[in-house]
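Student: Here you go, one structure.
Read the figures in this text as sums done on the coordinates, not as results from a lab. None of the values given here were measured: they were computed from a predicted structure. Cβ: placed from backbone, ideal geometry, glycine included. Neighbour counts: every protein chain shown.
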Amino acid sequence: MVNWIIISNIATIITALSAIVALIFAVITIKQHTKAVNMKILENMLVSFSSIHYKIAELHPEIAKHLKMYAADTELFNRIEAFAFFIRKKYIDEDTQDFFSPSIIGFYEDYFRKLYPAIEKDQKSYQEFKKLYHQLKGESL
């Protein structure tokens, strides 16, 4: 004889487990979506800052060349800073980090350190970029 109470309880347990699994997937999806939205907001902000630099350069032709160069450099460093921040927050996986490591090291050594030594020495500027560089080089800050 089939015990319908046991079958009913098993069906209830399976339903509850399915609901829990669905809830876990929903939470993971929401977290991933939040990360993507944060990255998009940051991207939009960086583009806005860059366009403001170029507008200022248009208004001041006597220093336009310097401002445009500084704007391009700042945009690059800010994007690397954001990239480093997202790595630290685990928004970006290690494979992607490894792929970009030679470029980041090159930008730091060949560009940042040589053209902006005062900014490199400033402890408050580009902290994430500096931490990432030293991490990639296996050095302590």
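Condition check ((1) exposed (fewer than 10 other Cβ atoms within 10 Å of the Cβ); (2) within 30 Å of residue 92 (Cα to Cα); (3) of a type in the set (A, V, I, L, M)) across all residues:
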site: 3; (1), (2), (3): yes, no, no
site: 7; (1), (2), (3): no, no, yes
site: 11; (1), (2), (3): no, no, yes
site: 14; (1), (2), (3): no, no, yes
site: 17; (1), (2), (3): no, no, yes
site: 28; (1), (2), (3): no, yes, yes
site: 32; (1), (2), (3): no, yes, no
site: 35; (1), (2), (3): no, yes, no
site: 38; (1), (2), (3): no, yes, no
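Student: Given (1) of a type in the set (S, T, N, Q); (2) within 30 Å of residue 74 (Cα to Cα); (3) without any contact (Cβ under 8 Å) to a residue 40 or more places away in the chain; (4) out of contact with any helix residue (DSSP H, G or I) (no Cβ under 7 Å at 6 or more places or on another chain), identify the lone condition not met by residue 50.
Tutor: Exception for residue 50: condition (4).
Student: So which helices (runs of 4 or more DSSP H) are wholly in the range 63-141 and hold at least 2 residues that are surrounded by 12 or more Cβ atoms within 10 Å (Cβ to Cβ), free of Cβ contacts under 8 Å to residues at least 60 places away in the same chain and under 20 Å from the mean Cα position of the chain (by Cα)?
Tutor: Working: elements: 64-88, 94-106, 117-121, 127-137.
Where helices (runs of 4 or more DSSP H) fall fully within the range 63-141 and carry at least 2 residues being surrounded by 12 or more Cβ atoms within 10 Å (Cβ to Cβ), free of Cβ contacts under 8 Å to residues at least 60 places away in the same chain and under 20 Å from the mean Cα position of the chain (by Cα), they are 64-88, 94-106, 127-137.
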